[in-house]
Each structure stands twice: as structure tokens, then as C-alpha cells.
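Working notes for the structure below.
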Amino acid sequence: MIVGIDFGITNTDIAVSNEDKIKFFSFPSKKISDNFIKEIFASIKLDSNKVTKIAVTGGKSNDLGSFFNNIPIVKVNEIEAIGFGVIELYDIGNKPFMAVSAGTGTACIYHADKKFNHLGGISIGGGTLQGLSNYLLDTNDPCEIEDLAASGDRKSLDILIGEAVNKIGALYPEITASNFAKGKNAKEHSNEDIAASLSNMVGEVIGTISYLNALICGLDEVYFLGRTSKNLIVKNGIEERLKLANIEGRFEVNREYGNVLGVLKFIKEN
């Protein structure tokens, strides 16, 4: 039995691989330590005597020792975890690809010739959405934010291209010209509309950095990992931006566990 752990900023994800069957678990992140691992094992009722290896990535996982209860700990670079996670989740072999891990923040990688390259990242992600929602909407619960956004209308706060100008190149009228710009003239907006505008804005930023990197890499599709892309309003914002460059977004089920699947794949490959 092999256990993979991804210590994210917000969530710690676990994948337990036993005889080609994988079970997933998730916990709010805490300080990375043997005690946290012990707490995880106890919570999911995992017998450490049956575990042969623990593979870890994310956060300051390198601060862990080489063993936990005499079980070897394999430390995996986060860029490799993302890359192997995409290969495992999307079953795409060794072809060149560009991937975006949209979690608390956002990271972009490029894979070619069996090498993973970090293209850079941005500080906008799920953490931004939760933090600003806490200030503006008095909630940081991802499900509540998504529910509010689904009932809102971002057009009450966002200025669209069609409202601002006649035409800019190939941009169609529904594209956002400026997020939240209508807020400068009025302070009375519903929480639903604020959530819709905010969620869309986060999605548009992630979508923009995604298509720009894809174009630089000469690719016409982007593979997504990370829990933030599970938010349907954010996902729609990402896809609307990708369409501007005719880039296709790939969104596989269980992509929130992509990084932890990557560490399991790393163990198999190495």
C-alpha cells in the first residue's frame, strides 16, 4: 500500500493506492509534521503496518524526515507532481502538453521530451476568491460562494466590451472590458451579483494566463488540475477567455486530486 499526500496551502489531499484501487481523502491544511500525518492516518483508519511508502509534495514537505514510523518518505517536487498528475489523470503519455494547477494560487507547467518546466504562476486563485468573499460577502465557504454566484448577474458590476466600444478586433460584445467597474458609481449591489463578478474575474485571470502560455508553447489545449477549477462560475470564466485564442480547456473528473495522483505516478515511474 502506497500513500500520497499533497500539502496544499488550503487543503491537504491524500490518495491511498492499494492493489490498483485508489481512495481519496481531503483535510484542511495544518502545519506539516509527523503529528499531522499521524492525525491523517487515524482519521482515515489507515494501518501504518500495511503502508510500504509515503510520497509527499507541496508546502514545506521537504522539512519532513526521511521516515514516518519506519515507512520511507519520498519527497516529490511540486512541478513534477503536477506533470505526472496530468499524465496519470488524462492518460496522455509523453506527448508535449501545457498544464495549469488552479488551487489557492495558480501554477503553469510545460512538458516536452519527458521534462517538466515551470512556466511561472500567478497569485490569483481560490485563495483570492475566498479571501475577497470573506471581506465582501462575509463568507469564505466555497460552496456558498458558488451558490451565490450562480444566482447573480455579473453584468450589474462588470462593463462589457459591447457597452464600452463598438468593436475591438475579434472580441465579441459579451467579453469583459473591466471587472467591477460599475461599482465605482454605486455601492448597492446584491451579494449574488458580487459573487458572480468576483468568481468570473478569478476565472478570467486564470484563463488569460492559461491561453497566453499555451500560445507561447505553440499548443491549442490546456489541461487543468486543482480544486478552484471545480467552481462552475470560475470554470466558465476560464473557458470564455480560452475561446479568445481558440484554446481548448480539458477538465477531467477528480482533477482536484491531480497533484496527489502525480506523486503516486512518480513512485511508479521511479
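The table below lists the values:
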quantity	calculated
Residues located in the range 175-200, provided they are without any contact (Cβ under 8 Å) to a residue 40 or more places away in the chain and either among the small types (Gly, Ala, Ser) or surrounded by fewer than 14 Cβ atoms within 10 Å (Cβ to Cβ) (or both)	ALA177, SER178, ALA181, GLY183, LYS184, ASN185, ALA186, LYS187, GLU188, SER190
Candidates VAL234, VAL260, VAL253 - the one that is touching a helix residue (DSSP H, G or I) at 6+ places or on another chain (Cβ under 9 Å), closer than 20 Å to ASN11 by Cβ and part of a loop (DSSP other than H, G, I, E, B)	VAL253
Checking CYS108 against (1) surrounded by 15 or more Cβ atoms within 10 Å (Cβ to Cβ); (2) touching a Cys at 6+ places or on another chain (Cβ under 8 Å); (3) not β-branched (Val, Ile, Thr), the condition it does not meet	(2)
Among (1) on the phi > 0 side of the Ramachandran plot; (2) touching a Lys or Arg at 6+ places or on another chain (Cβ under 8 Å) - the single one VAL16 does not satisfy	(1)
The range 121-153, subset outside any helix (DSSP H, G or I) and acidic (Asp, Glu), residue nearest to GLY105 (Cα to Cα)	ASP141
Cβ pairs under 9 Å, 6+ apart, first in the range 122-134 and in the same structural domain as ASN191 (by TED's automatic domain parsing), second surrounded by fewer than 16 Cβ atoms within 10 Å (Cβ to Cβ) and part of a helix (DSSP H, G or I)	SER133/GLU144
Residues of the range 1-23 classified as in a strand (DSSP E or B) and surrounded by 15 or more Cβ atoms within 10 Å (Cβ to Cβ), total	14
Those residues of the range 28-48 which are crowded, with 17+ Cβ neighbours inside 10 Å and either assigned to a strand (DSSP E or B) or among the polar types (S, T, N, Q) (or both), in sequence order	SER29
Unmet requirement for GLU174, which otherwise passes all of (1) in a loop (DSSP other than H, G, I, E, B); (2) of a type in the set (Asp, Glu); (3) within 30 Å of GLY93 (Cα to Cα)	(3)
Filtered residues of the range 49-73 (kept if more than 23 Å from the chain's Cα centre (by Cα) and in a strand (DSSP E or B))	LYS53, PHE67, PHE68, ILE71, PRO72, ILE73
Members of the range 49-70 that are crowded, with 18+ Cβ neighbours inside 10 Å and β-branched (Val, Ile, Thr)	VAL51, ILE54, VAL56, THR57
Filter result for the condition that a residue is over 16 Å from GLY237 (Cβ atoms) and not aliphatic (A, V, I, L, M), over GLU146, GLU163	GLU163
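To keep it simple, each residue is scored yes or no on (1) of a type in the set (S, T, N, Q); (2) within 19 Å of LYS265 (Cα to Cα).
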residue	(1), (2)
MET1	no, yes
PHE36	no, no
GLU39	no, no
LEU46	no, no
GLY65	no, no
GLU78	no, yes
ILE82	no, yes
LEU89	no, yes
SER101	yes, yes
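The values are calculated or read from the model by the stated rules, or taken from the named source; none is laboratory data. Quick caveat: nothing in here was measured; it's all calculated off a predicted structure. A quick note on method: Cβ atoms are made from the backbone with ideal geometry, for glycine too, and the neighbour counts reach across all protein chains shown.
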